[in-house]
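Structure record follows, encoded as structure tokens.
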Protein chains: 2
Amino acid sequence: MIYCTVNGNLFDATKATLGINDLALQRGYGIFDYFKILNGRPIFLEDHLDRFYRSAATMRLPVGFSKEAVKGMIHELIEINDIPDSGIKILLTGGYSTDGFRMGVPNLVITHAPLPTYGSFQINGIKVITHRHQRQLPEIKTIDYLMAVWLQPYLEERQAQDVIYHDGKLVTECPRSNIFIVTKDNRILTPAKNVLKGVIRKQLLNLEHRYPVAEADLTLDDLYEATELFITSTTKNILPVIQVNDRLVGNGDPGPVTRSLASKLDELIYEIQHTVD
Amino acid sequence: MIYCTVNGNLFDATKATLGINDLALQRGYGIFDYFKILNGRPIFLEDHLDRFYRSAATMRLPVGFSKEAVKGMIHELIEINDIPDSGIKILLTGGYSTDGFRMGVPNLVITHAPLPTYGSFQINGIKVITHRHQRQLPEIKTIDYLMAVWLQPYLEERQAQDVIYHDGKLVTECPRSNIFIVTKDNRILTPAKNVLKGVIRKQLLNLEHRYPVAEADLTLDDLYEATELFITSTTKNILPVIQVNDRLVGNGDPGPVTRSLASKLDELIYEIQHTVD
């Protein structure tokens, strides 16, 4: 049995429920964050909790528990569930609404599950398609994945593993990942505007590396002309992209810059995972 | 006690729940519809059910119950709850997801509550503000009201009762209502594109009236230059708008065309409500 917590109380995750008048269910109003547990240890937890509390504040959702209390719930789940390599999701909803529209007192739901894996895609890279869409309130990690879920069957039809959003000119992000390109002159660039600023993205922007990583406005043409392309997220770390729509990226294989960054990032995460507090 | 149904089964509405892994909660994925019960009789039920099944199909959510079965649940609630003037909401969620992202088998939740009323606003009209925003998948009645809920405190600050979305040039709709203007030459116009096509909107487009109601592209300037302005919805019928941002509409009072349309619509609904089948 895997446990979760609802407002600080432990439940069997398969039996935990929320009332039907919660504003997340009724109006899609809520925020969340998600981080990895490796070797029983949360990775980049402070970054994720900081972003969670920022998302909550911007959405005017009081968390109702201190950061220390939330950490307590997280460590309780890590201990009781004992899934060494796993992911924890903290979800804060709009709460029980009296009229189906106004916010109530937010519900805090923390769930814990094994990590998804990307199989051979992690090494060999994925195919993406592009879709014109701008996420609303993009810098907040809301539960709004309407377009992303809706596009799933279309992706499967096209045998693509992910989708890159753009506004007709500039590209922004994938539904659950940030985008990076490597240019002909070995600059590594990632969009700066109208994106959710991922924790792995932040790590890469701060990483010491032969080629500096920088923010820039990126067009669809920049994407097509990139020598390498990859996406980043908490579960994916660095995932190479080898095809955009019908065009291969470079020669259609993951490139050396992507591989070198991925191994740098792996080292960093390995260190965190094995550091003794 | 007010009852609701979850997948066809009756529950005390205050105790009805859904599991925390439903995709509506996790990813804001779901659709709904809402209609009025007057004098114990559903108003424009066929229109609402048709739209509900259309929304579901476009979102790739199988309803799992025939239209007749859903009508059965509706009539069961009308009878058992006995709230003569009320509203019924039919909600279809993305269902229990095994990985927090893929759709499951949708959950169908039908809730029943007294009608909201708009007090003196119904007669005297409301103030609206404008906000640049385009709802995603606008022609589907999804549960995505993230922006609308988020804007609530801002509306209260501005002492406005509603918000009109626009794209910088063209206006579209309010979060839960359609927009109509009356022009200087007495044309009644409503935006045609990128809006949810309301059932009251459809009734007005088909209504026999001295001034024909038509679809048109409307700019922000059209809004400011309108002699009258009103919004429509299932709960509001026709609600006059007397101020947009800092500008009065006409002389700041509900106008004669709005009043005449509202009384025509009231007549139509009165007839339905009292027709013997």
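The values are calculated or read from the model by the stated rules, or taken from the named source; none is laboratory data. Predicted model, so just to flag it, every value in this text is computed and none were measured. Cβ atoms come from the backbone with ideal geometry, glycine included; neighbour counts cover every protein chain shown. Heavy atoms of the whole protein, side chains included, go into the accessibility calculation; ligands, DNA and RNA do not. Shrake-Rupley method; radii C 1.70, N 1.55, O 1.52, S 1.80 Å.
Here the gap between residue B:132 and residue B:80, fully extended at 0.36 nm per residue and compared with their Cα-Cα distance, gives a gain of 14.4 nm. Distances between copies at residue A:72, taken between label points 7 Å from Cα along the C-beta direction, are 5.0 nm in increasing order. Taking 24 Å as the limit for the C-alpha separation, the pairs B:36/B:141; A:67/A:264; A:36/A:141 exceed it in the case of A:67/A:264.
Restricting the GluC sites (Glu not before Pro) of the range A:92-170 to loop positions (DSSP other than H, G, I, E, B) with no more than 16 neighbouring Cβ atoms within 10 Å leaves A:139. Computed from backbone phi, the HN-Hα couplings of the range A:98-110 come to 6, 10, x, 9, 7, 5, x, 7, x, 9, 10, 10, 10 Hz, rounded to whole numbers (Karplus: 6.51 cos²θ - 1.76 cosθ + 1.60, θ = phi - 60°; Gly and Pro given as x). Distance between the modelled labels on residue B:217 and residue A:271, one decimal in nanometres: 5.6 nm (7 Å Cα→Cβ projection). Charges were assigned to the Cβ only: +1 to each Lys and Arg, -1 to each Asp and Glu. The resulting dipole of the protein assembly as shown about its Cα centre is roughly 360 debye.
The GluC sites (Glu not before Pro) of the range B:173-228 that meet both conditions, a loop assignment by DSSP and at most 15 other Cβ atoms within 10 Å of the site Cβ, are B:208. By the rule of a C-alpha distance below 19 Å, with chain neighbours fewer than 8 residues away ignored, the aspartates and glutamates paired with residue A:71 are A:33, A:46, A:47, A:50, A:79, A:82, A:85, A:277. Of the residues B:119, B:131, A:107, the one whose Cα sits farthest toward the positive end of the charge dipole of the protein assembly as shown, with +1 on the Cβ of Lys and Arg and -1 on the Cβ of Asp and Glu, is B:131.
When the accessible areas of B alone and A alone are added and the area of the pair subtracted, with a 1.4 Å probe, the result is around 4200 Å², both sides summed.
The packing ranking, built from the mean of other Cβ atoms within 10 Å per residue, places the peptides B:265-273, B:40-48, A:26-34 in the order A:26-34, B:40-48, B:265-273, highest first. Residues of the range A:136-151 that bury at least 40 Å² of accessible area when the other protein chains are present, relative to the chain alone (probe 1.4 Å, heavy atoms, ligands and nucleic acids excluded): A:136, A:137, A:143, A:146, A:149, A:150.
Using just its DSSP H runs of length 4 or more, each adding -39500 (n - 2.57), chain B gives a mean residue ellipticity at 222 nm of -9000 deg cm²/dmol after division by all residues.
Put the Cα centre of the range B:169-226 next to the Cα centre of the range A:175-192 and the gap is 44 Å. Across the identical copies, the 7 Å label point of residue B:260, projected outward along Cα→Cβ, sits 7.7 nm from its counterparts, in ascending order.
Averaged over the residues of peptide A:11-20, the number of Cβ atoms from other protein chains lying within 10 Å of each residue's Cβ is 5.
Computed 3J(HN,Hα) for the range B:221-227, one whole-Hz value per residue from the Karplus formula 6.51 cos²θ - 1.76 cosθ + 1.60 where θ = phi - 60°, is 5, 4, 4, 5, 8, 5, 7, glycine and proline marked x. Between 0 and 90 degrees, the angle of helix A:256-274 with respect to the longest Cα principal axis of chain A falls at about 30 degrees. Here the accessible area of the protein assembly as shown is 51 percent carbon and sulfur, with a 1.4 angstrom probe and all protein chains present. Across the copies of the chain, residue B:98 has label points (7 Å from Cα along Cα→Cβ) spaced 4.3 nm apart, shortest distance listed first. Near residue B:255, the amide H atoms lying under 5 Å from its own belong to B:229; only residues 5 or more places off or on other chains count, and H is placed 1.01 Å from N. May I ask for the angle, rounded to the nearest 10°, between helix B:45-58 and the longest principal axis of chain B, with both axes built from Cα atoms and the value confined to 0 to 90°? Once rounded, one gets 70 degrees. Spacing of the modelled spin labels on residue A:118 and residue A:46, each 7 Å from Cα toward Cβ, amounts to 2.7 nm.
Using the 1.4 Å probe convention, the accessible area of the range A:93-251 works out to 42 Å² per residue with neighbouring protein chains retained. On a per residue basis, the range A:40-86 carries 46 Å² of accessible surface, using protein heavy atoms and a 1.4 Å probe.
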